[in-house]
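Here is the structure we will look at, set down as structure tokens.
No value in this document is a laboratory result; all are computed from the given coordinates. Quantities reported herein were computed from a predicted structural model and do not represent experimental measurements. Every residue, glycine among them, receives a Cβ derived from its backbone with ideal geometry; neighbour counts consider all protein chains shown.
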Amino acid sequence: MPRLTVNQRPVEFRMDPQTPLLWALRDAANLTGTKYGCGNGDCGACMVLFDGEALRSCLITMAESEGRLVTTIEGLSNDCSRPVQQALVAEQAIQCGFCTPGIAISAAALLARTASPSEEEIKAAIPNLCRCGVYPRLVRAIQRAGRVMLRQETISAAPAPGIAPEDAARAVPAMRKP
């Protein structure tokens with residue numbers, strides 16, 4: 001029975017050790033923020049932090065997960081209070097939302113290494129596929145999140161067309177790094 005820590009909680013899965021971590025998270029732990037996209041590691045929708053490194057959970061077996069620390073999008077922040085999550089919303093870098101959890105995980109891993117990544121570093125660190133094509137906004141969002149982390153700046157949402165500024169502010173509350 002593989003034992004690991006998921007979102008800071010010890011868990012024992014009663015599953016075949018060759019089961020991909022993705023399915024343990026989604027089916028056994030009901031952590032459905034980690035998405036199934038391709039099943040062969042190409043899309044990044046299933047990205048999790050695996051001992052702090054962004055990895056594709058569809059390629060990791062339960063046996064390989066034994067004793068490891070896994071953080072899903074739910075464990076990253078279930079209230080969207082992380083700078084990367086708020087910056088993705090503020091920069092309107094989310095369209096359909098399917099790839100967003102994997103992108104947020106990849107971005108969080110990058111920003112943990114460097115809070116001031118260049119565009120080239122971002123492109124190298126974010127292998128996720130986005131069918132909506134938000135890449136330019138994604139780069140801006142990650143750089144903005146890094147600036148917030150460095151300077152404790154406030155993020156407030158840029159209002160979308162047709163949304164009153166006060167409504168946008170309620171949708172994404174301003175935050176400061178604790």
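Relative to the longest principal axis of the Cα atoms of the chain, helix 135-151 runs at roughly 80 degrees. Here the spin labels are modelled as points 7 Å beyond Cα on the Cα-Cβ line, and at SER118 and ARG151 they lie 2.1 nm apart.
Within the chain, what's the longest run with no trypsin sites (Lys or Arg not before Pro) in a DSSP loop and at most 12 other beta-carbon atoms within 10 Å? Give the range, please. The segment 15-130 is the longest one with no such site.
For ARG14 and ARG131, a Förster radius of 30 Å and the Cβ-Cβ distance give a FRET efficiency of 0.25, rounded to the nearest 0.05.
Distance from a point 7 Å along Cα→Cβ of CYS96 to each backbone N in segment 12-40: keep the residues under 13 Å and list them by number. Residues 36-38 qualify, since their backbone N sits under 13 Å from the label point. Modelled label positions at CYS38 and ARG68, each set 7 Å beyond Cα in the direction of Cβ, lie 1.9 nm from each other. Principal-axis analysis of the Cα atoms of the chain puts helix 100-113 at an angle of about 80° to the longest axis.
Anisotropy class assigned to segment 3-76 is rounded, per the alpha carbon gyration tensor with a/c under the 1.5 cut-off.
With the convex hull drawn over the C-alpha atoms of the chain, the volume per residue is 112 Å³.
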